[in-house]
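Single-structure report; data block below.
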Amino acid sequence: MIILTGASGGIGQAILPLLENTVPVYNQKCISTGIRVDLTNPQNIKDFVVTVKPTHVTVVHLAAVKIDELAVACNEENWDKVMDVNLKGNFLLTKELLQIMLKEKWGRIIHIISSGLGDVGTLTYSTSKFGLLGMSEVLSKEYAKFGITSNVLQLGYFQTGLWNKLTQEKKDELLDQVPSRKLGDPLNIVNAIKFLIDSPYINGSVINIDGGI
């Protein structure tokens, strides 16, 4: 079973139809086939796991909040909002699912980050996503002996809803960073997820799906 958080987002909606046996998780934007889970609420997460009763679990942490602002303008409320979903929410769901993975001696944890971390105006988002690199590295070492792997997919630019909201000037600027000057096909993300599911010796890795940025 694949648990896909952020399933109602642009990339989530693009890859969901291409994945089998998947439980879509959303919070703000409802999708009819999904289950609403507040990733900042530990009890909500516990109730979700009890209700779904997942087995042979792969969790894909796609849910994220991004608030762009310069460091000097960043307020504590925005900082907490981003950290609660991107970092803490990832941890809380992973911790809860680890109980099942340990019993079954099998599990796949897949974290999602973006290319371009560290860009101007992305302090909170970049900090939260860099934190996932450390989290994944620790998890990969602590639980490999139980048949559980933890890896990171680093994504570039894809033809999703957010891309379509950009100005043509911004699109051209971003495409200039990609050697092929092409957007990514969501199928590449799906292929990577399936690859990690089937590859127990791929652990503690960061796989770039960004066209060579």
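A few points about this structure:
- Criterion: touching a residue at least 24 places away in the same chain (Cβ under 8 Å) and over 30 Å from Gly121 (Cα atoms) - qualifying residue of Thr5, Thr58: Thr58
- Restricting attention to the stretch 32-59, the residues being under 16 Å from the mean Cα position of the chain (by Cα) and either of a type in the set (Ser, Thr, Tyr) or more than 20 Å from Gly6 (Cβ to Cβ) (or both) number 2.
- Looking across the stretch 1-31, the residues that are within 26 Å of Asp198 (Cα to Cα), more than 16 Å from the chain's Cα centre (by Cα) and not hydrophobic (A, V, I, L, M, F, W, C) come down to Pro17, Glu20, Asn21.
- Any hit, the stretch 125-135, residues being surrounded by 14 or more Cβ atoms within 10 Å (Cβ to Cβ) and over 26 Å from Gly10 (Cα atoms): no
- Residue check for Ile207: touching a residue at least 12 places away in the same chain (Cβ under 8 Å), part of a strand (DSSP E or B) and either under 15 Å from the mean Cα position of the chain (by Cα) or surrounded by 15 or more Cβ atoms within 10 Å (Cβ to Cβ) (or both): yes
- Meets criteria (in a helix (DSSP H, G or I), of a type outside the set (Ser, Thr, Tyr) and within 19 Å of the chain's Cα centre (by Cα)) for Leu174: no
- Selected residue (criterion: farthest from Val59 (Cα to Cα)) from residues of the stretch 3-39 that are among the hydroxyl-bearing types (Ser, Thr, Tyr) and modelled with pLDDT of 95 or more: Tyr26
- Residues of the stretch 1-10 that turn out to be outside any loop (DSSP other than H, G, I, E, B) and either out of contact with any Ser or Thr (no Cβ under 9 Å at 6 or more places or on another chain) or crowded, with 21+ Cβ neighbours inside 10 Å (or both), as a count: 3
- Scanning the stretch 117-163 for residues that are of a type in the set (A, V, I, L, M), in a helix (DSSP H, G or I) and within 24 Å of Val190 (Cα to Cα) turns up Leu132, Leu133, Met135, Leu139, Ala144, Leu162.
- For the condition modelled with pLDDT of 95 or more and within 14 Å of the chain's Cα centre (by Cα), Leu62 qualifies.
The values are calculated or read from the model by the stated rules, or taken from the named source; none is laboratory data. Bear in mind the structure is a predicted one, so any value in this text is a computation, not a measurement. Glycine also receives a Cβ, built like all others from the backbone with ideal geometry; neighbour counts cover every protein chain displayed.
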